[in-house]
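A.B. asks: One structure, as structure tokens, below. Some questions next.
The values are calculated or read from the model by the stated rules, or taken from the named source; none is laboratory data. Only a predicted model underlies this, so the values are computations on that prediction, with no experimental measurement involved. Don't worry about glycine lacking a Cβ; one is built from the backbone with ideal geometry, like all the others, and counts go over all protein chains shown.
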């Protein structure tokens, strides 16, 4: 029964600090009792009170097909992070959009970054430099690791081109088919783009019974996409990410599929700034916290708020990286007068700073500028003479690439 004491609890420091301002697991709170003025003997009652209030104000996400009662608590911290992500993300996207000449290069770089870090997080053996060179060169992959990287990049392009498609079990299988092309081995090789037909284990988690995969995914899609309760587009994408990983519908490639589905849903909801981000970069650097977020959901009576909160933090971290990258590109523009550069030369340096593996010829550069080949050749030679570019022969023609070390010596990164 809800009484006056319950109502007063909603204004207590422990509720405001550790549910609204920060959403922490109850077991973590247990070790702060004395500093908060509670006794150890108060713990069980306090724990039950907090959990009761969290559940009463939550959005139910009951998955009847597997008998699991998930739920999500839209805390103040969650809402604040969403507002910050949207405000910062839209501002950064508008900044990139206003500089349309390198917008496409910037978005391409973001896709490459996500493709690489997602693959490396899942175990691909490669350096970022080699992976970036592989995608830029457009050469055919030669190993499973290279296929993982290229497949992720193709998936990021595919979801942008197919954002009008409805989210369905067939779409999830289609994404899986792309990300797992030529990467599955042994008996799993026959299951690219197909749901598993047996049990699967990941750490201490067991995927749901394979007979229930299709009805469960259909129920989850409806919960995330058509829920009667309001959910921000970011939350919908994150929930799809979580539930696909929880169901684990494939023998391999579940993580890559789930993260790609998050991007798909975000783009479908017109959250354009998400195209700038690599959430996997944060996951790669915080893998233990990512795994803990999955664990905390089940350990706290199927409270998906922990996973949502971690993913929002990942997005904020990714936005911070993008902000620094944009700031650096604008710093490059400030050297124009000191080094007697044209606007087109500055723009080229900005584009090449995003991807040091791009090679450009005078013909290609002239075509980009809409000028004569001779004008293109002169500007490239000028940048080479000033040490910004490196020059080498490729067949019968000269091609140029950025000298990143020299550029950083002229325009230091913060």
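A.B. asks: Mind listing whichever residues of segment 19-31 are surrounded by 13 or more Cβ atoms within 10 Å (Cβ to Cβ) and free of Cβ contacts under 8 Å to residues at least 12 places away in the same chain?
C.D. replies: Matches in segment 19-31: 24 only.
A.B. asks: Oh, and also: Restricting to segment 355-414, what's the tally of residues that are in a helix (DSSP H, G or I) and more than 19 Å from residue 333 (Cβ to Cβ)?
C.D. replies: Residues flagged as in a helix (DSSP H, G or I) and more than 19 Å from residue 333 (Cβ to Cβ) within segment 355-414 amount to 15.
A.B. asks: Sort out for me the helices (runs of 4 or more DSSP H) sitting completely within segment 1-116 that have 2 or more residues that are within 30 Å of residue 369 (Cβ to Cβ) and either in contact with a helix residue (DSSP H, G or I) (Cβ under 8 Å, 6 or more places away or on another chain) or modelled with pLDDT of 85 or more (or both).
C.D. replies: 76-98
A.B. asks: Among the residues of segment 338-348, is there at least one that is assigned by TED's automatic domain parsing to the domain that holds residue 119, surrounded by fewer than 16 Cβ atoms within 10 Å (Cβ to Cβ) and either in contact (Cβ under 8 Å) with a residue 60 or more places away in the chain or under 30 Å from residue 53 (Cα atoms) (or both)?
C.D. replies: no
A.B. asks: Hey, another quick one. Considering segment 155-176 alone, what residues qualify as being surrounded by fewer than 16 Cβ atoms within 10 Å (Cβ to Cβ), without any contact (Cβ under 8 Å) to a residue 40 or more places away in the chain and assigned to a helix (DSSP H, G or I)?
C.D. replies: Correct list: 161, 170.
A.B. asks: Scan 106, 72 and give me the residue that is in contact with a strand residue (DSSP E or B) (Cβ under 7 Å, 6 or more places away or on another chain) and surrounded by 19 or more Cβ atoms within 10 Å (Cβ to Cβ).
C.D. replies: 72
Here's the yes/no breakdown for (1) over 30 Å from residue 67 (Cβ atoms); (2) modelled with pLDDT of 95 or more:
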| site | (1), (2) |
| --- | --- |
| 293 | no, no |
| 304 | no, yes |
| 307 | no, yes |
| 321 | yes, no |
| 325 | yes, no |
| 361 | yes, no |
| 367 | yes, no |
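Every residue, every condition in (1) more than 15 Å from residue 93 (Cβ to Cβ); (2) free of Cβ contacts under 8 Å to residues at least 40 places away in the same chain, yes or no:
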{"position": "281", "(1), (2)": "yes, no"}
{"position": "285", "(1), (2)": "yes, yes"}
{"position": "292", "(1), (2)": "yes, yes"}
{"position": "296", "(1), (2)": "yes, no"}
{"position": "304", "(1), (2)": "yes, no"}
{"position": "311", "(1), (2)": "yes, no"}
{"position": "314", "(1), (2)": "yes, yes"}
{"position": "323", "(1), (2)": "no, no"}
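A.B. asks: In this structure, does residue 84 turn out to be surrounded by fewer than 17 Cβ atoms within 10 Å (Cβ to Cβ), assigned by TED's automatic domain parsing to the domain that holds residue 296 and touching a residue at least 60 places away in the same chain (Cβ under 8 Å)?
C.D. replies: Judged against the criteria, residue 84 is a match.
A.B. asks: On to the next question. Would it be correct to say that residue 246 is without any contact (Cβ under 8 Å) to a residue 60 or more places away in the chain and crowded, with 24+ Cβ neighbours inside 10 Å?
C.D. replies: For residue 246, the condition - without any contact (Cβ under 8 Å) to a residue 60 or more places away in the chain and crowded, with 24+ Cβ neighbours inside 10 Å - is met.
A.B. asks: Working carefully through the options 126, 137, find the one that is in the same structural domain as residue 224 (by TED's automatic domain parsing), touching a helix residue (DSSP H, G or I) at 6+ places or on another chain (Cβ under 7 Å), touching a residue at least 12 places away in the same chain (Cβ under 8 Å) and surrounded by fewer than 20 Cβ atoms within 10 Å (Cβ to Cβ).
C.D. replies: When all the criteria are applied, what remains is 126.
A.B. asks: Would a scan of segment 225-239 turn up a residue that is within 18 Å of residue 73 (Cβ to Cβ) and without any contact (Cβ under 8 Å) to a residue 24 or more places away in the chain?
C.D. replies: Yes - at least one qualifying residue is present in segment 225-239.
A.B. asks: Same structure again: Take the conditions surrounded by 12 or more Cβ atoms within 10 Å (Cβ to Cβ) and either over 13 Å from residue 245 (Cβ atoms) or in contact with a strand residue (DSSP E or B) (Cβ under 9 Å, 6 or more places away or on another chain) (or both) and apply them to residue 219. Does it pass?
C.D. replies: Answer is yes for this residue.
A.B. asks: Please state which one of 36, 46, 26 is closer than 17 Å to residue 310 by Cα and not assigned by TED's automatic domain parsing to the domain that holds residue 225.
C.D. replies: That would be 26, the only listed residue that is closer than 17 Å to residue 310 by Cα and not assigned by TED's automatic domain parsing to the domain that holds residue 225.
A.B. asks: For segment 279-302, what are the residues that are more than 21 Å from residue 205 (Cβ to Cβ) and either crowded, with 23+ Cβ neighbours inside 10 Å or outside the structural domain of residue 238 (by TED's automatic domain parsing) (or both)?
C.D. replies: Listed by number, the list holds a single entry, 282.
A.B. asks: Scan (1) in contact (Cβ under 8 Å) with a residue 12 or more places away in the chain; (2) farther than 20 Å from residue 160 by Cα; (3) surrounded by fewer than 17 Cβ atoms within 10 Å (Cβ to Cβ) for the single condition residue 269 breaks and write down its number.
C.D. replies: Looking at each condition in turn, residue 269 falls short on (2).
A.B. asks: Looking for whichever is in a helix (DSSP H, G or I), farther than 22 Å from residue 89 by Cα, at pLDDT below 95 and in contact with a helix residue (DSSP H, G or I) (Cβ under 6 Å, 6 or more places away or on another chain) here; the options are 352, 347. Which one fits?
C.D. replies: Answer to the selection: 347.
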